[in-house]
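In what follows, a structure is listed as structure tokens, so that the remarks can point back to it.
Bear in mind that the values in this text are calculations on the coordinates, not laboratory data. Nothing here was measured: the structure is a model prediction, and the numbers come from that model. For neighbour counting, all protein chains shown are included, and Cβ atoms are generated from backbone atoms with ideal geometry for every residue, glycine included.
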Amino acid sequence: MMNLIKSLGIWIAAAILIVILPYVFPSGASITTMCLMGIMIIFALSYNMLLGQSGMLSFGHAVYYGLAAFVTAHTINWAIKSGVPLPLPLIPVAGAVTGLIFGIIFGSVSTKRAGTAFAMISLGLAELVYSSSLILRSFFGGEEGISADRTKLIRFFGYNFGPQIQVYYLIAAWCLLCVILMYAITRTPLGRMCNAVRENPERVEFVGYNPQLVRYIAFSLAGLFAGVAGSLAAINIELAQASFVGAAQSGAVLLAAYIGGVAFFVGPVLGAILVTYLSLTLSDFSEIWVLYFGILFVVIIMFAPYGLSGLLMMHAQFWRGPLGSRLARFGRLFGAYLVAAVPALIMLGGAILFIEMIHHVAQKGAEGANMHFLRRNYITINTHSVLPWIGGIVAMIGGFFAFRLSWPTVANAWHKALLDAQRSGA
Amino acid sequence: MAELIIISTLNGVLYGMLLFLMASGLTLIFSMMGVLNFAHASFYMLGAFLGFQISQWAGFIPALFLAPLIAGGIGALVERYGLRTVHKNGHVAELLFTFGLAFIIEEVIQMIWGKLSVDYRVPTWLDFPAFTIYATNYPAYKTFMLVFSIAIFIGLIYLLTRTRAGLIIQASLTHPNMVGMLGHNVPRVFMLVFGLGTALAAIAGVIAGAAYVTQSNMAALLGPILFVVVVVGGLGSLWGAFVASLLIGLLQTFAIASDWSLNKFFGDFITPTRGTLLFDVWTVTIAQIGPILPYLLLVLVLIFRPTGLFGTRET
């Protein structure tokens, strides 16, 4: 009973958080951002049913997202035209069914294999669907896509879903529902078998299960949830475009899930929130923000293969013992982090300055020598003088070596904190 | 008709040989390290842009040699300091690393050369019609591309089968531990093969960039086709990669030249209403579905012959 209350408590807290968020961030821009985050959370979690839970690396998950978005747009248009009393909150069901159907169709081809072959088939199927989108114009609508006016549907308890805030609550409700369902799936025997198939498909076969079937079911279900996400995306912007099924969309969800960390259920949620936030804000600072994004992705693959959630979970082991000693332990650890952070930031600043200057000279040399650093007016840099170039390079390289000198300090602090935590745990 | 067939065959073989220049490196790297290098087409693109820049500064011939050298050097560094670090995290991490790398290379190229295509032209001393078939002039540059890529192909076969270095490479494919025991530095062999493979892709980029369009999306357009080639040919099989390259080169070239559609043959019997899905399917020409054909082939091969045409191992 206590466990039930405890696990229910998390979801109730999440529901309350969702309800009050628009009051905390009431501006139009933040509501829009949160809508996109909600959609991305569902999409990234559905992706993680493949990569994190079942060990299938897909390069074509946007297929189910995008096709569901198109079916959603067509469903809305059809309901308006034929006068079927279909309220907007039920429309994502159409997306879910679409995602599931295409998951079943394409999954029957691709889930027979695992590993690299699966990844290649998913890529091939994605290219197939994307190329078809340019041919089948009556379904995909060509360049301009299929638009759908969500407000023309029958009202749902008086709401017409014109204002963005109403769409926010619609997305949030579906998001919470999907997150709960996907979490529940990880707790079922099926979810456990998915993990087993990821770890050792041969053994799964020995104990009498069919790993292909397990992958197939997981894949179809992932298609279903991706369909919900795509459907909400189409509702959100009242448009479905060919780019929804494109490689960039598949790449975005892979990035979100991996940056958040695929080893923990909460990882893709963090990743989706961060990636959406960064993709909306970084473009204000730099035209080449996608490059920084790619570098962040590669750095995480190289040095933090469990993503952000992995980094957070690594610190969970220090959170034991009396509260005072916990805080003291974290205080000492973060002190060491601070020592490392200073040269790291210098290195980062130098690198960004260097990259931005190359970009300015290569792309905007005609605009003159002066560059507004990070697109703001308060730092202007003359790219024709030598000083900023030397400064950037020295900060980058010097910062790197200073950063490396700080690693033993961090390692030492980590070790001490670990010993301390073990002592107070025992 | 005969004219069309001859020209399409020439163009198809040329495209196929270019594909093979890339696929050979990709498949060598795969059979050594088990990594399908997602960024391989990015090195092709890098080669094209470096070739463009160097030919602006110093002419085409220096570009032909320097650009692959630089791109191969970058490739070797990527292996040494990137892939080797990621290796301990498993194959998925390696594949994702190369995926991220492709992303970065594309962005860096956009950052330096912009998103629009650059003005990379055929060198003037190769810009004349070499011979005429029926009424079509075949450009000298395309003849040069064909000869050059075949020369590289023969050179590669010679290197792999007739030289000591090739022997060590081949041995490292199957018995890396034994080769290591015999005193060869296997990680260095891996690094060099990675460098060689990326340099081959860059050569293809230098010579193809001048004939086709040099733009920052060329890797994204070609990359998936490259995977189709190595998977259809059979992962790790050099011979399979060769056959699949030619097959896909010819397939795509002939498709582009064809205006057949269902409507053309059956249009007299059935004419679907304009604006329906059936109408789209009915009137689409082979030329329009050309871009899809390789992927259809991939899916069919993976269903009916999972090892690929010449592969020995299940992918």
Please work out the C-alpha center-to-center distance from the range A:310-355 to the range B:1-71 and express it in whole Å.
-> 45
What Kirkwood hydrodynamic radius do you get for the protein assembly as shown when you take the inverse of the mean 1/r over all pairs of distinct Cα atoms, in Å?
-> 28.2
Rank the residues A:Glu143, A:Glu356 as a footprinting-exposure proxy: fewest other Cβ atoms within 10 Å of their Cβ go first.
-> A:Glu143, A:Glu356
Could you grab the relative contact order for chain A? Cα pairs under 8 Å, six or more apart, rounded to a whole percent.
-> 22
Given the options B:Gly51, B:Gly223, B:Gly100, state which has the largest fluctuation in a GNM of chain B using a 10 Å cut-off (strictly under) for Cα springs.
-> B:Gly100
Classified through the alpha carbon gyration tensor (a ≥ b ≥ c as square roots of its eigenvalues; rounded if a/c is under 1.5, else prolate when a/b is larger than b/c, else oblate), the range A:317-425 comes out prolate
Net +/- balance of residues flanking B:Leu192 in space, Cβ distance below 15 Å, scoring K and R +1, D and E -1 = +3
How large is the charge dipole for the range B:1-138, taken about the Cα centre, if only the Cβ atoms of Lys, Arg (+1) and Asp, Glu (-1) carry charge, to the nearest 20 debye?
-> 320
Farthest toward the dipole's positive end in the protein assembly as shown, which of B:Gly197, A:Ile121, A:Leu50, given Cβ charges of +1 (Lys, Arg) and -1 (Asp, Glu) about the Cα centre?
-> A:Leu50
Placing +1 at every Lys and Arg Cβ and -1 at every Asp and Glu Cβ, with all other atoms neutral, what dipole size does the protein assembly as shown have around its Cα centre, in debye to the nearest 20?
-> 1880
Treat the count of other C-beta atoms within 10 Å as a stand-in for reagent exposure and order A:Ile20, A:Ile31, A:Ile76 from fewest to most.
-> A:Ile20, A:Ile31, A:Ile76
Shielding of B:223-229 by other chains, given as the mean Cβ count within 10 Å, works out to 4
The range A:317-425 - charge dipole about Cα centre, Lys and Arg +1 at Cβ, Asp and Glu -1, debye rounded to 20 = 560
Per the helix-only calculation at 222 nm, which mean residue ellipticity applies to chain B, given -39500 (n - 2.57) for every DSSP H run of n ≥ 4 and division by its residues, nearest 500 deg cm²/dmol?
-> -23000 deg cm²/dmol
Any idea how far the Cα center of the range B:184-253 sits from the one of the range A:207-247, in Å?
-> 31
Just tell me which lysines come within less than 20 Å, Cα to Cα, of A:Lys364; anything on the same chain fewer than 8 places away is out.
-> B:Lys115
Relative contact order for the range B:2-259 using alpha-carbon pairs under 8 Å, separation at least 6, rounded to a whole percent?
-> 45
Would you please put A:115-121, A:347-353 in order of how densely packed they are, using the mean number of other Cβ atoms within 10 angstrom per residue and starting with the highest?
-> A:115-121, A:347-353
Kirkwood-based shape ratio for chain B, expressed as Rg/Rh from alpha carbons = 1.00
Order these peptides, B:198-206, A:231-239, B:166-174, by their mean beta-carbon neighbour count within 10 angstrom, highest first.
-> B:198-206, A:231-239, B:166-174
When we measure straight from the Cα of B:Lys264, which aspartates and glutamates land under 18 angstrom away, once same-chain ones fewer than 8 places off are left out?
-> B:Asp280
How about B:Lys142: which lysines have a C-alpha closer than 20 Å to its C-alpha, ignoring those fewer than 8 places off in the same chain?
-> none
Among B:Met178, A:Met49, which comes first, then next, by fewest other beta-carbon atoms within 10 Å?
-> B:Met178, A:Met49
